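Visitor: Got a structure for you, written out below as C-alpha cells; questions coming shortly.
Readers should treat all values here as calculations from the given coordinates under stated rules, not as data from a laboratory. None of the values given here were measured: they were computed from a predicted structure. For neighbour counting, all protein chains shown are included, and Cβ atoms are generated from backbone atoms with ideal geometry for every residue, glycine included.
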C-alpha cells in the first residue's frame, strides 16, 4: 500500500463516490449512500497518513489496494467507479463495449439513411 497524504485520500474517496459533507478542524467528513457511518479523513497538509490510519480508512470505505491505485491514477474511467459493481476487471472491458456499441449504432444509423 502506497502511503497517501490526506488530500490524496480525499481525492480517491471522491472518485469512489464518497461526498464531502463537512470539515471539522483538520478532518474532512465524508458520507456515501448506503454507508452506516461517516468517514473522517485527517488532512494535515501534504503529510502522509500513518499506515494504520490509511488502512482503516480504506477498510471502512470498502476499498482495496488495487482500487486505491486505480482511483488514484488519471485513468479516464476512474471517476465513474462510484458504483461498487464496477470493479477494475469490469472497467477493463468497458472501452471494448463502448467501441462495439459505437460501431453498432453507427451501422444502424447508416442503414436507416
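Visitor: What FRET efficiency, computed as 1/(1 + (r/R0)^6) with R0 = 41 Å and r the Cβ-Cβ distance, is obtained for residue 99 and residue 56, rounded to the nearest 0.05?
Guide: 0.55
Visitor: Take the Cβ-Cβ distance between residue 44 and residue 14 as r, set R0 to 30 Å, and report the resulting FRET efficiency rounded to the nearest 0.05.
Guide: With a Förster radius of 30 Å, E is 0.95.
Visitor: Could you work out how much longer the chain between residue 27 and residue 66 gets when fully extended? Use 0.36 nm per residue separation minus the Cα distance between them, nm to one decimal.
Guide: Values: separation 39, 0.36 × 39 = 14.04 nm, distance 2.49 nm.
Contour length minus the Cα-Cα distance gives 11.5 nm.
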